Each structure stands twice: as C-alpha cells, then as structure tokens.
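See below for the structure under consideration.
The values are calculated or read from the model by the stated rules, or taken from the named source; none is laboratory data. What you see is a predicted model, and the numbers here were worked out from it, not measured in a lab. Here the Cβ positions follow ideal geometry from the backbone for every residue, glycine too, while neighbour counts run over all protein chains shown.
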Amino acid sequence: MYVRFRDRSEAGRALAGRLQEYAGRPDVIVLGLPRGGVPVAYEVARALGVPLDIFGVRKLGVPGQEELAMGAVASGGVRVINDEVVGGLAIDRLELNAVTSRELAELKRREQKYRAGRALPELAGRTVIVVDDGLATGSTMRAAVQALRQHGPARIVVAVPVGANQTCQRLQAEADEVVCPLSPEVFFAVGAWYEDFSQTSDAEVSALLERARHEQEAPVP
C-alpha cells in the first residue's frame, strides 16, 4: 500500500533520506528541473548540505493534450522524442517542430529569469543529482540526462520521490543511478501521488534558488 506525499517539500525531505551517502561531499551538486522539481530539489540540497541550481528542460506536449509528452528539450539543444506517442498519434514533423521551437523559447526565458545572468555551474567531474517531482513517461528526465552528459560529469544520479515502475527501470540504462522510493506498477499521473500538487510559480523557483545560495554562503557556526 502506497501513501501520498503531502506536498513537494515533504517529498523532497523523504527523498533526501535515500541520498545520505552524498551528504556534505564537495563534488556533489543538486539540479532541480523547473518548475515542479525545484521545491523537491531544494529540500534535498538543504538536507545534504550541497549547492542547488536548475537545469533547463521542457516537455513537448501533444497539441490539445499538453499533459501527454511526445518528447522533451533541454539546455544545449538536446531533443528527445517519444516515438511511441508520436507514431501512435500520427503527429507530423511540422507540428513537432512548432512545439519544439515554442518550448525552446520558453526554456531560454526561464533560464534567464531564474539565474539572473549567472552561468550554469561547472559540472565536469562532479556528481550531479538531477531531481524532479516525479516520472511518468520519463521524456523530460531523459532529455536532461542526455544534455548533462555533454558537460562531462563524473556521475549522474536521477532522484525522484515517485515514478512509474517501467520508467524508473528504463532510466537505469541512461543514468548512473536512479533513486525512486515509490515506483508503483499502476501509476496514472505524478499528481495522483501528492495531496497538494498545485503549480510551482516562477517567483517560488527564484526565491528557493536565492534562499539556497544564502544558506550555502552562510558561515558554519
């Protein structure tokens, strides 16, 4: 019997309990996938005592069924296509490219807003823990992992509080480690596993990133 998380913050604290081997390590950084992954990632980074940042990734929603992912795009121009969805719904290339262009523009806007001119931290040789609030088809996370490989990290750890069982298993072939405390066979949707799954705002993402920076810079008593 599975229980639901109260909200993303509670889910992040629960997830952090499964990642304690990475606590306090100078080579570790947590990257949240905006927007919903950032409140989860904030709690993970805080519990582990490591830096927090974001990694830009956008789902490519099926026109008219935007919650259904036909793929995803990520920083660095990486695009991952869900061939099963695209083929099954007979989505043509023009539609796919139009959605891709729109989401790439939104991705650029969000990164500029959240980082306020700061560059992505150096990831080469580091252990990168990539956090989202859950995994359904996995297209978004796959795009993130493939894009992150271009930065030369020593290890990529995918960490989510909940994910579809098959999706978590498939991602093990792409990431170095997958941490997913809840992986039910019958999944439905990520939001079904939260009592409060209200949308995370741009302002909340920016505030959490700023708070995390202040906490990292604060002197140790």
Next item on the list: Report whether or not residue 215 is modelled with pLDDT under 95, under 15 Å from residue 12 (Cβ atoms) and touching a helix residue (DSSP H, G or I) at 6+ places or on another chain (Cβ under 8 Å).
Entry: yes
Notebook entry, point to check: Here are some residues: 177, 103, 122. Which one is at pLDDT 95 or above and over 13 Å from the mean Cα position of the chain (by Cα)?
Noted result: 177
Checklist line | Tabulated pairs, segment 163-176, first closer than 22 Å to residue 8 by Cα, second of a type outside the set (A, V, I, L, M, F, W, C) and at pLDDT 95 or above, C-beta under 6 angstrom, 6+ apart or interchain | finding: 163/134
Notebook entry, point to check: Going through segment 179-196 one residue at a time, which ones are surrounded by fewer than 18 Cβ atoms within 10 Å (Cβ to Cβ) and of a type outside the set (D, E, K, R)?
Noted result: 181, 184, 186, 188, 189, 191, 192
Note to self: Would you confirm, using the coordinates I've provided, whether residue 151 is free of Cβ contacts under 8 Å to residues at least 12 places away in the same chain, farther than 22 Å from residue 62 by Cβ and not basic (Lys, Arg)?
What the structure shows: no
